[in-house]
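Quick notes on the structure that follows.
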Amino acid sequence: MTMSRLLLVGLTCAAGGAEARVPAFVDPEPEPIFPIGPIVGVPFPPPPLPAPPSGGRQDHGRIVCPVIGMFVKNGLLVPDARGFVTKAQTKAAFLEAGVPSHIATETTEANFRSAACSRCPERINPFEMNTIRGGASRGSPFGGAQEHFRSTGIRDTDNGVPRAGAFDFGQGRCLPSDGRWTSSAVACFAGLWDRDPGCGGVTSNDVDTLKRPSGCGRCEGALANPRCASQLGGAIDFMFEAFRDPSTGRITAGDWRGMWLDLELPAHFRGGGGGYPPAPRPPSPPSVSVCTGRAPIPAFKTCSSAPHCCMSGLECVQGRCVPLVGVPPIELRPTH
């Protein structure tokens, strides 16, 4: 099985640690479907991002994954009454916001129960993803949120307060002189914490021992030993790819910092509804042979055996009926 690069969970999407690790640190409302203008195929400017929902938990510092945190804080991913989100719901939110489909698919498959992750939960509480605490080295709990192999510790804190000092340390070491993050700079950033605690100097905040890559020593990282490639670097690389400005291929220093510490969406997302908006797609026509006698399938329900029978405004994607983006809703009625 190939190594999965994740955006979420346990998410040691960040980490830097205390003690010898970083001694100098001081520290439900879905996005609306875009309307179509009078000229066929020409959409109106996308509506602004929805306002964060009122009520619910506001201690967003407890969300250790910056990507999930940005989506929750900005109302793009709304937990249910018990605080949970599902795989289908999370993937649909990613796709609607313009996250590339390969990232949306791989990250959700690797963090929710699936063939790729039998230990993962069916649902995740974004505020309870820190399942390895106190700088420990052990496995994530079966059926609970699964942390990454290693962590930067920037958001993966026991008190729910992001470590600004850890972020500043990484920025000082890796940010290019022009003040804009690149793919190679982001790899440098992730690599700073890519060693087990106890190896001296700056190390990972904690370790999920069940995810240690074969052939990776305790004091080795992916930049020195490619066999150590893990979710630590993969998740941060995916985060950069999903949120970089498509006009420059980079992310400004201010946006990258805001994403990690304040869960603020980058400027081009706030102003345009996403970094890489999906291209409009015409809905699939009803299938007489498949839909006969069937009721329209609602959102997030299985549609693999009836791909053309989703309800109005939905399309069968990866076996589930999910909201369309950028096309007008049409009524897909079963034929009789």
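Compactness of region 158-213, taken as the C-alpha radius of gyration over 2.2 N^0.38 Å, stands at 1.28.
With a Cα-only, solvent-free Debye model of region 86-137, what are the log10 I(q)/I(0) values at q = 0.25 Å⁻¹? Calculated log10 I(q)/I(0) at the listed q: -0.97.
Computed over the alpha carbons of region 119-190, Rg followed by Dmax gives 14.9, 44 Å.
Couplings for region 121-128, taken from phi via the Karplus curve 6.51 cos²θ - 1.76 cosθ + 1.60 with θ = phi - 60°, read x, 6, 10, 10, 8, x, 8, 10 Hz in order; Gly and Pro are left as x. For a straight C-alpha distance cut-off of 22 angstrom, the lysines reachable from LYS211 (same-chain residues fewer than eight places away being disregarded) are LYS87. Accessible surface area normalised per residue over region 126-284 is 38 Å², counting heavy atoms of protein chains with a 1.4 Å rolling probe.
Would you mind classifying region 132-276 by shape? Square roots of the alpha carbon gyration tensor eigenvalues, ordered a ≥ b ≥ c; an a/c under 1.5 is rounded, otherwise it is prolate if a/b is larger than b/c and oblate if not. Prolate. Its Kirkwood hydrodynamic radius, worked out from the mean inverse distance over all distinct Cα pairs, puts region 177-260 at 13.8 Å. Within region 65-175, all pairs of alpha-carbon atoms sorted by distance into 10 Å bins from zero give the percentages 13, 41, 36, 10, 0.
The values are calculated or read from the model by the stated rules, or taken from the named source; none is laboratory data. Quantities reported herein were computed from a predicted structural model and do not represent experimental measurements. Accessible surface is based on the protein model in full, side chains and every heavy atom, while ligands, DNA and RNA are left aside. Shrake-Rupley method; radii C 1.70, N 1.55, O 1.52, S 1.80 Å.
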